[in-house]
1. If I ask for residues that are within 10 Å of another protein chain (Cβ to nearest Cβ) and either in a loop (DSSP other than H, G, I, E, B) or of a type in the set (A, V, I, L, M) (or both), which ones from region A:37-57 would you list?
2. What is the one condition in (1) open to solvent by 50 Å² or more (accessible area, probe 1.4 Å); (2) charged (D, E, K, R); (3) at pLDDT 95 or above that B:Asp351 does not satisfy?
3. Name the one entry in B:Arg51, B:Arg73, B:Arg31, B:Arg84 that is within 22 Å of the chain's Cα centre (by Cα), basic (Lys, Arg) and open to solvent by 10 Å² or more (accessible area, probe 1.4 Å).
4. Count, please, the residues in region B:1-27 that happen to be touching a Lys or Arg at 6+ places or on another chain (Cβ under 7 Å), surrounded by 21 or more Cβ atoms within 10 Å (Cβ to Cβ) and assigned to a strand (DSSP E or B).
5. Hey, can you tell me all the residues within region A:143-159 that are β-branched (Val, Ile, Thr) and either open to solvent by less than 20 Å² (accessible area, probe 1.4 Å) or in contact (Cβ under 8 Å) with a residue 12 or more places away in the chain (or both)?
6. Look through region B:392-446, keep the residues that are away from every other protein chain (no Cβ under 11 Å), part of a loop (DSSP other than H, G, I, E, B) and of a type in the set (D, E, K, R), and return whichever of them is nearest to B:Glu299 (Cα to Cα).
7. Looking at A:Leu30, A:Leu60, which is the one that is on the phi < 0 side of the Ramachandran plot, at the interface with chain B (Cβ under 9 Å from one of its Cβ atoms), of a type in the set (A, V, I, L, M) and crowded, with 16+ Cβ neighbours inside 10 Å?
8. Which one of the conditions (1) touching a residue at least 12 places away in the same chain (Cβ under 8 Å); (2) in contact with a helix residue (DSSP H, G or I) (Cβ under 8 Å, 6 or more places away or on another chain) does B:Ala18 fail to meet, given that it meets all the rest?
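The values are calculated or read from the model by the stated rules, or taken from the named source; none is laboratory data. Predicted, not measured: the structure shown is a model, and the values here were computed from it. Cβ: placed from backbone, ideal geometry, glycine included. Neighbour counts: every protein chain shown. SASA here: full protein model, heavy atoms, side chains in, ligands and nucleic acids out. Shrake-Rupley method; radii C 1.70, N 1.55, O 1.52, S 1.80 Å.
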Amino acid sequence: MQKFTVLKAKAAPMPRANIDTDLIIPKQFLKTIQRSGLGKNLFNDLRYDEQGNERDDFVLNQEAYRHANILVTGENFGCGSSREHAPWSLLDFGIQCVIAESFADIFYNNCFKNGILPIKVSSEDVEQLMQAAENKENEFNIDLEQQSITVGNHQIDFEIDAFRKHCLLNGLDDIGLTLQNESAIQDFEQKRTKQKAWL
Amino acid sequence: MTKLKTLYDKIWEDHLVAQSDAGDDLIYIDRHLIHEVTTPQAFEGLRMSGRKVRNPKATLGVIDHNVSTHKNRHQGVEVEEDSRLQVETLRQNCDEFGVELYDILDVRQGIVHVIGPEQGFTLPGTTVVCGDSHTSTHGAFGALAFGIGTSEVEHVLATQTLRMKKLKNMRVLVEGSLPLGVTAKDLILAIIGEIGTAGGTGHVIEFSGQAFHDLSVEGRMTVCNMAIEGGARAGLIAPDEKTFEYFKGRPFAPKGDDWDKAVEYWETLKTDEGASFDKEVVISANNIVPQVTWGTSPEDVLPITEQVPEVSNDAVKRAIEYMGLIPGQPLQDVKIDKVFIGSCTNSRIEDMRAAAEIVKGKKVADNVYAMVVPGSGLVKEQAEEEGLDKIFMHAGFDWREPGCSMCLAMNVDKLQPGERCASTSNRNFEGRQGRGGRTHLMSPAMAAAAALKGSLADVREYQ
């Protein structure tokens with residue numbers, strides 16, 4: 001997994017609540033057996049019309065945001081299905097950080113497994129950052145170590161779980177970490193066989 | 001005094017392998033269900049790092065999400081090439097890693113959340129995961145069950161554990177009993193209408209009160225299935241006599257002495273009296289009316305006796321436009337094109353019976369295409385034994401093979417742009433049942449009534 005330390009980039013504003021994972025990546029693109037290549041279909045139905053032409057009014061089709069690496073959006077982002085294709089498609093497009101008032105649990109979790117930083121901030125902060133993102137000249141500076149978002153002279157701090165931060169900063173693979181607990185897992189399995197033989 | 005615990009606290013503690021200083025726990029996973037869509041990349045990850053499936057016997061595979069529901073599907077009818085490749089990949093992976101798979105010609109094949117309990121693979125007090133958000137369904141039996149992403153699927157395959165932070169406790173207490181003609185689906189839709197789609201975020205919801213006690217285990221599955229639509233990764237209902245009775249004799253259920261020991265343990269699986277919850281909602285069952293969604297989020301729900309809401313904000317405006325509705329229009333005047341009875345929410349035998357009872361001896365409206373997709377081969381077999389297939393077909397329904405089908409439209413069963421569907425599934429998101437498709441969620445009996453009338457209908461007028 002790629003490390004996340006500091007990100008200096010354009011942020012695309014998507015002022016809409018409850019953006020679900022079907023909207024992020026529709027079902028017809030879930031039939032892949034790979035992780036890569038989903039970026040071109042990120043937000044497919046919002047981004048393209050029925051004929052496959054780009055919709056001019058969609059933010060990621062506008063010149064200033066075509067290469068945005070950050071998304072600022074409404075509450076409950078990523079609700080719905082557990083499909084990890086949602087963070088895969090964001091990452092493949094180039095989005096490495098999503099800022100929102102709140103996230104659905106499974107999506108939030110999936111982000112960390114892919115080196116994407118989901119940042120929760122207050123609704124007032126989202127409002128300010130949304131305005132900042134709407135100014136096409138602005139660049140956002142996200143510093144994970146410092147837990148801060150800076151735009152111009154304005155700085156907003158954010159909270160993040162210490163372990164998740166550690167893994168993102170170092171690009172750590174979860175499975176390798178867990179296997180360091182091998183003896184604890186074995187002990188648990190022995191106890192379980194004794195107490196719950198039916199399993 | 002020992003600390004009073006919720007059911008969630010108890011199951012969590014029972015599965016604690018290790019705790020880290022950072023506050024995340026390593027939790028043991030008893031049961032892992034896998035399907036074709038969210039696993040190819042996980043197995044690929046195992047292969048690339050030279051890892052094995054730690055406990056193949058704790059893992060069960062089934063093909064459900066993108067399969068054709070045509071009766072000649074085993075001959076390739078209505079099978080798309082990319083779906084075929086995904087199915088074939090699961091076959092190869094299960095074979096290579098020693099995991100049992102219910103393939104297309106196996107009568108045990110069906111929707112992952114239907115077959116888990118049906119086989120007794122899901123059991124009370126177990127931890128159950130699957131790369132599918134509706135894994136919450138299994139909470140109906142007092143199992144801690146939740147959906148995971150593909151990276152976590154790989155993690156469970158390799159380690160039989162998950163690394164996570166404990167969620168908070170929430171209780172939805174429903175007092176009183178449901179009126180006649182009001183079902184588990186109406187109850188959970190009404191709850192989501194009350195708490196909103198983010199109401200349970202960060203929590204496990206325990207459903208308690210008379211209404212859940214009264215429900216059959218299948219009704220409880222419908223409720224827990226949609227806990228995720230209320231934002232909660234898992235829903236829970238304490239197991240009781242009905243639960244134990246349900247599992248007796250199922251293939252993976254304990255037998256003999258083990259059965260008695262298991263029941264003794266299962267009886268301890270309830271929230272201690274006086275245990276506290278981080279969040280609590282109390283709802284009265286007595287006044288619930290059959291529910292139907294009007295918008296593009298499951299929280300956009302109303303009693304069938306109401307009208308399409310007036311535009312109060314941008315989100316409502318967008319939803320009404322997408323759905324092609326008129327503010328103030330009575331819901332019962334909304335014409336439909338298709339009816340879908342199926343999905344992990346409502347495709348079990350009781351759902352089939354409830355819908356069949358409404359359509360028996362009647363005809364589907366001329367303007368409507370209606371389909372029934374049983375949740376598993378065994379549900380289908382049981383329904384056919386009871387003659388339900390004939391009732392549906394005489395009424396003009398299509399009687400299909402098991403799978404997820406038009407709930408998420410990953411196979412050829414889908415809506416065309418602008419088409420409107422009365423659906424027993426769980427999500428009415430934009431494009432969920434096909435690009436531009438319009439979904440109204442409701443119970444199987446309500447969907448059956450809509451099929452007859454050709455528009456949204458109050459099932460109580462058909463009972």
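1. A:Leu46, A:Glu50
2. Single failed check for B:Asp351: (1).
3. Working: B:Arg51 fails: within 22 Å of the chain's Cα centre (by Cα); B:Arg73 fails: within 22 Å of the chain's Cα centre (by Cα); B:Arg84 fails: within 22 Å of the chain's Cα centre (by Cα).
Among B:Arg51, B:Arg73, B:Arg31, B:Arg84, only B:Arg31 is within 22 Å of the chain's Cα centre (by Cα), basic (Lys, Arg) and open to solvent by 10 Å² or more (accessible area, probe 1.4 Å).
4. Here the count works out to 1.
5. A:Ile149, A:Val151, A:Ile156
6. B:Glu419
7. Numbers: A:Leu60 fails: at the interface with chain B (Cβ under 9 Å from one of its Cβ atoms).
After ruling out the rest, the residue left standing is A:Leu30.
8. Status for B:Ala18: all satisfied but (1).
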